[in-house]
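First the structure, in the form of structure tokens, and then the observations on it.
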Amino acid sequence: MSAQTPEFVITKKDLLQGLDKALADYQVAALTKKDDRVLYDIIKSPTEVVFDYQPTVLSPKKFFFPQDETILEYTADGKISAKIEAKPTVLFGIRPCDLNGFKILHEAFADDHGDPNYLAKVEQTVVIGIDCEKICDKDAFCFKVGSQDATGGFDLMLYEIADGYAIEIATDKGSQFISKYLTTSKANGDEITSCQAKKAANFGQEKPFKNLAKLPELFEQNKHHAVWDQEGSRCLSCGSCIMVCPTCYCFDVGDEWQLNLKKGERVRKWDACMVTPFAAVGSGENFRHTATYRLHHRINRKFNFLMKKHNQAVCVGCGRCVRACLADISPKRIAEAIGADS
Amino acid sequence: MRTKLNLRESDPKLYLPERAKILKIKDFTENEKFFELALLDRPKLGHVPGQFLQVSVLGIGEAPISISSAPAEHNRFDMCVRAIGDVTKKLHTLNVGDIVYIRGPFGNGFAEKTLSTMLGKHLLFIVGGLGYAPLRSLINKVVPERDKYKKISVLYGCRTSKDRMYAHELDELSKIGGNVELLETVDKADENWTGSCGVITTLIPKIDFNPNETIAMVVGPPIMYKFVLKALLEKNMPKENIYIDLERRMKCGVGKCGHCQMEGIYVCQEGPVFNYAEVEKNEELL
Amino acid sequence: MATKPKVAFFDFSCCEGCQLAAIDLTPEQLLDLLEVIDIVEFREAISEKSDSYDIAIVEGTITRDSDIPRLQKIRETAKILITLGACSTIAGINALKNFQTKAEYQQDVYPDDPTKYETTTARAVHEIVEVDAFIPGCPIDTDEFVRVVKNLVLGKKPDIPEYPVCVECKRNENVCVYEKGIQCLGPVTRAGCNARCPSNGGYCFGCRGIIPEPNLKSQQDIMQRYNLTFDQMQEKFKLFLERNKEVFPDGK
């Protein structure tokens, strides 16, 4: 990755003050603590922000593509209207894996047939990323799939320096956010380069799959590799891997009248290609009737089918599915089994 | 250069259906009904043969249903609905004058480019059961223009004679003569049936065709494809000359929700009509 | 709605908690519900009795031979029969006694007069008569009850999820209870409760029954990996799942 030149630096104190100021105009979501969990959630004060990253259960895709979302409202007498909701939002402290996830989500929802519910939220959201200085967790493998650096998906990117952050500006929206809310000073210009040198040292020998670019081909050639059944036979078809994935975006749509049958709505909700009924049709046929087929489909979406479309691995290596899988199934291990690294 | 979350164009009506009024309902079989509908807010549907609609009954849901009529310059169109899920069962309880909501047309059908490759060729339709509904949109387009084609053969197979859809249209089709022929078979004959009995592939040897000059259109229940494709390939039909039309669980219609994705292919976008040569390696499709 | 369907509630062996959960509604919701259906028999809320009804909602386990003709009569009268709660849907905790012999549980419960009360193997309603819709759970989820009734009135499928509790648990962004060293039946248990127990500091007991096509082998491997002995694991499965032939192939 070519070095980015920061224009500004900001002290941590000024950054927190800026977020506080932004709270007047935006809902701010950041990494925060709730009971025994660390998660991305709406905060009321910048003091709630957790800076020391720990992997969260869900990715911040939930702010663009919520678990449940009403997309249509109607009445018994036939009035029908699209329901599109969005609030001015700041997503603060999003990490490179999830930023790459945003980029993929964006291409999926907006490249053709621009999804109005998704785009309304993107339009109103300022995304502020924070670069990762080190590998966050033993299950993370961002470095294997070329996702340890964010290639997009943010308006501003922060790089940790002594007493604060260097700021990379990616969009006009980001630059307007700085001028309205953040007190900054001019950067020397070499801050990001030194952050990246430090990061490279921390990541050490952890390098991308040797055959990263060739994964679609490898997966195509290995449709019937023994690994599918080895891993698939353990799969519980529980859908956990999909719920936690930053780049899974399948959904189901259902209609519901209110109990008085006078008003109704159409709701889309997260669905999971790993659960048994996902590919079943009305006549009863299920086109992916075993866990092995379903696992093959999901992993191929990440490294083959959709990788061709997005020109990058659609798995961003955040490791959430590995942590969530009780049966210990890992996309990384599957990729390695079919020769990603040999 | 960074990839930005720059704003692409939003389609505010992507999930907003439009009104269509039921003009006519006919019972076809115990489980299938014919509907003629009229758009209320647009002059015409603007579809190509083989495309489908997402049809809503408010409060019940949305279901993908093939357009059964040929492209037309007016606001009317046909569908044939088998009562199988919540939406289709509810559609069967509706009456003339009732409003349903539709989105679409969606998908890849027999577009102008494909249709032009058919000119002067022998068109061979191989249809099982409810498959007549989507293919009727093409049959009813090409039959009135039959002089443009070398020959039109329609092979139609049903479980019993009671399951024949569009029975009176089939009778008319059989009377046209000239370069149009209809061959029918049923899996199980009853006292009202004097025609052939057997699976659809038994009709293929009865047709005289030059595989290189023939284009086959195959639509039917999932189990049918394997046998029909095998029979056609044994007759040396080039794979490029075979089109198949497939049913999957299309939910959003716009290539996002993932339900109809078979390996890398979104059936709602790249299908439901496929050229066999382009998808023969896709194990989930076939 | 031209005519409102008449709904009658019936109970067999149970605590009747699901009947209470069914009407745990706001007054507005209750009035709305009564706009859609006519409740003609409901021991927990009204005293009338009726012999004419369209929808029978049956709660409780079948634990006596004399229950059977009563249940058959209900089935004959009703157009639609719905089970309410774990006891009628999967025989629930009442089926725990099936792990003992009749003599053993009679002796355990009434040591002074073991044969005083009629009793037999506990069974779910669908083992005796045909069931049109199941509302699982111990207790049921009120929202799900309302949705199923509404769907049936509208001619829709009941729409009980076929995926496991994990889906809802993850949507709620819970840390997996296994990470806290607690074993849970969420991966094989039917969702629809919004992961009620694991979201509130508990774990899944399997009260909603097992999903279609469960991977029980993998579930057992996981429990063993998390340090449960085979017997401890059986105990977890026993509470609600005695009638499930996939879990207990040798059950009564």
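The values are calculated or read from the model by the stated rules, or taken from the named source; none is laboratory data. What you see is a predicted model, and the numbers here were worked out from it, not measured in a lab. All Cβ positions, even for glycine, are placed from backbone atoms using ideal geometry, and neighbour counts span all protein chains on display. Calculation scope for accessible area: heavy atoms of the full protein, side chains included, ligands and nucleic acids excluded. Shrake-Rupley method; radii C 1.70, N 1.55, O 1.52, S 1.80 Å.
Key figures
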item: Structure-based [θ]222 nm, chain B - -39500 (n - 2.57) summed over DSSP H runs of at least 4, per residue, nearest 500; result: -5000 deg cm²/dmol
item: The range A:58-74 - phi-based ³J(HN,Hα) in whole Hz, Karplus 6.51/-1.76/1.60, Gly and Pro as x; result: 9, 7, x, 4, 4, 7, 9, 9, x, 3, 10, 8, 6, 10, 8, 10, 8
item: Potential lengthening between A:Asp341 and A:Asn211 on full extension [0.36 nm per residue; Cα-Cα distance subtracted]; result: 46.2 nm
item: Extension reserve of the A:Gln258-A:Asp163 stretch, reckoned as 0.36 nm per residue once the Cα distance is removed; result: 28.8 nm
item: Sparsely packed chymotrypsin sites (Phe, Trp or Tyr not before Pro) within the range B:229-286, loop by DSSP, other Cβ within 10 Å at most 12; result: none
item: Long-range amide H partners of B:Phe125 with built H, under 5 Å; result: B:Ser153, B:Val154, B:Leu155, B:Met217
item: Along each principal axis, Cα extent of the range A:187-265, largest first, Å; result: 64, 49, 23
item: Mean projected area in nm² (Cα convex hull; one quarter of hull surface) for the range A:212-337; result: 9.5 nm²
item: Buried on assembly, the range A:287-301 (at least 40 Å² less accessible surface than by itself, 1.4 Å probe); result: A:Phe287, A:Arg288
item: Nearest-10 value in Å² for the accessible area of A:Thr276, using the 1.4 Å probe; result: 20 Å²
item: Within a Gaussian network of chain A (alpha carbon springs, distance under 10 Å), most fluctuating of A:Leu39, A:Leu236, A:Leu158; result: A:Leu236
item: Accessible area buried, both sides summed, chains A and B with 1.4 Å probe, Å²; result: 4600 Å²
item: Surface per residue (accessible, 1.4 Å probe) for the range C:155-200, Å²; result: 35 Å²
item: Average other protein chain Cβ within 10 Å of Cβ, residues C:178-187; result: 2
item: Stokes-Einstein translational diffusion, chain C - Kirkwood Rh over all Cα pairs, 1.306 mPa s, 10 °C, in µm²/s; result: 83 µm²/s
item: Solvent exposure of the range B:145-213 as accessible area per residue, Å², 1.4 Å probe; result: 54 Å²
item: The range A:107-244 - Debye-derived log10 I(q)/I(0), Cα point model, q = 0.17 Å⁻¹; result: -1.19
item: Trypsin sites (Lys or Arg not before Pro) restricted to DSSP loop in the range C:86-181 with at most 15 other C-beta within 10 Å; result: C:Lys116
item: Karplus (6.51, -1.76, 1.60) ³J(HN,Hα), θ = phi - 60°, over the range B:185-198, in Hz, Gly and Pro reported as x; result: 8, 10, 5, 10, 7, 10, 5, 7, 10, 10, x, 5, 9, x
item: For A:236-249, mean number of other protein chain Cβ atoms within 10 Å; result: 6
item: Separation between Cα centres of the range A:66-118 and the range A:8-65, rounded to whole Å; result: 20 Å
item: Two-site FRET efficiency, C:Asp250 against C:Leu216, from Cβ-Cβ distance with R₀ of 22 Å, rounded to 0.05; result: 0.95
item: Value of D in µm² per second that Stokes-Einstein yields for the range C:89-187, Kirkwood Rh from Cα pairs, at 37 °C (0.692 mPa s); result: 192 µm²/s
item: Rg in Å to one decimal, and Dmax rounded to a whole Å, for chain A via C-alpha atoms; result: 21.3, 66
item: Neighbouring partner chain Cβ atoms per residue of C:217-227, average, 10 Å criterion; result: 3
item: Antiparallel bridges, percent of DSSP beta bridges restricted to the range A:32-157 (to nearest 5); result: 50 percent
item: Calculated diffusion of the protein assembly as shown, Stokes-Einstein form, Kirkwood radius summed over Cα pairs, 10 °C and 1.306 mPa s, µm²/s; result: 52 µm²/s
item: Share of carbon and sulfur in the accessible heavy-atom surface of the range B:112-245 [1.4 Å probe, %]; result: 51 percent
item: Chain A, accessible surface, carbon-and-sulfur percent (1.4 angstrom probe); result: 49 percent
item: Principal axis box of the range C:27-104, alpha-carbon based, largest edge first, Å; result: 48, 27, 22
item: Karplus-derived HN-Hα couplings along the range B:228-244 (A = 6.51, B = -1.76, C = 1.60, θ = phi - 60°), whole Hz, x at Gly and Pro; result: 5, 4, 4, 4, 5, 5, 5, 8, 6, 6, x, 4, 5, 8, 10, 10, 10
item: Share antiparallel - DSSP beta bridges, the protein assembly as shown, percent rounded to 5; result: 55 percent
item: The range C:165-241 - Debye-derived log10 I(q)/I(0), Cα point model, q = 0.16, 0.17, 0.26, 0.27 Å⁻¹; result: -0.52, -0.59, -1.39, -1.47
item: For A:Val126, residues with placed amide H under 5 Å, excluding near neighbours; result: A:Thr89, A:Val90, A:Leu91
item: Coil-residue trypsin sites (Lys or Arg not before Pro) of the range A:1-63, DSSP, other Cβ within 10 Å capped at 16; result: A:Lys44
item: Projected area averaged over orientations for chain B, convex hull of C-alpha atoms, nm²; result: 17.1 nm²
item: Fraction of accessible area attributable to carbon and sulfur, the range B:18-106 (%, probe 1.4 Å); result: 46 percent
item: Solvent-accessible surface (1.4 angstrom probe) belonging to B:Asp98, in square angstrom, nearest 10; result: 50 Å²
item: Quarter of Cα convex hull surface for the range B:1-77, i.e. mean projection, nm²; result: 8.3 nm²
item: Most to least packed among A:313-319, C:192-198, C:222-228, B:29-35 [average Cβ atoms within 10 Å]; result: A:313-319, C:192-198, B:29-35, C:222-228
item: Counting all C-alpha pairs of the range C:1-133, share separated by more than 25 Å (%); result: 31 percent
item: Heavy-atom accessible surface that C and A bury in contact, both chains counted, 1.4 Å, Å² to 100; result: 2900 Å²
item: Accessible area (Å², per residue) of chain A, counting only protein heavy atoms and a probe of 1.4 Å; result: 38 Å²
item: Cβ crowding within 10 Å averaged over residues, with A:72-81, A:147-156 ranked highest first; result: A:147-156, A:72-81
